[in-house]
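Below is a structure I'd like to ask you about.
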Amino acid sequence: MANTTTQGGGGPQYNSLTKGTKVTGNITTDDDIRIDGSIEGDVISKGKIIIGQQGVILGNIDCLNAEILGTIEGKVSCSELLVLRQTACLTGDVITRTLIVEANAQFNGTCQMSNEPK
């Protein structure tokens with residue numbers, strides 16, 4: 001199930017793709033998104049992308065920030081910060097300004113880091 005949630009008082013918005021939901025195709029959003037289901041396609045966000053522990057992306061992601069707990073097979077481009085949590089499994093190349101990799105996270109690919117804005 002896909003949801004868009006607005007915090008009370010007109011605060012920040014975020015989207016979510018819940019466990020058990022599968023999307024085939026690309027997703028583009030201006031807001032943050034959390035993915036606990038699976039996507040075969042690219043995910044583009046002007047905000048933060050969170051891939052939950054059960055989340056799977058077979059495609060590329062392009063975002064401002066990302067926190068990965070699940071699985072990605074594809075290129076990851078983050079303008080600012082990419083965090084690979086201990087349960088993350090990333091197979092693909094990374095372009096980011098700052099990379100944090102926790103112990104036991106799996107990363108198979110290359111990393112290019114730059115202080116220049118995208």
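What follows draws every value from the coordinates through simple rules; no lab data is involved. The model shown is predicted, which means the values in this text are computed figures rather than measured ones.
Can you give me the orientation-averaged projected area of the convex hull built on the Cα atoms of the chain, in nm²?
The directionally averaged projection comes out at 7.0 nm².
Could you give me the ³J(HN,Hα) list for region 78-94, computed from phi with Karplus coefficients 6.51, -1.76, 1.60 and θ = phi - 60°, whole Hz, x at Gly and Pro?
Whole-Hz 3J(HN,Hα) from phi for region 78-94: 10, 5, 10, 10, 10, 10, 9, 6, 4, 9, 6, 9, 10, 10, x, 8, 10.
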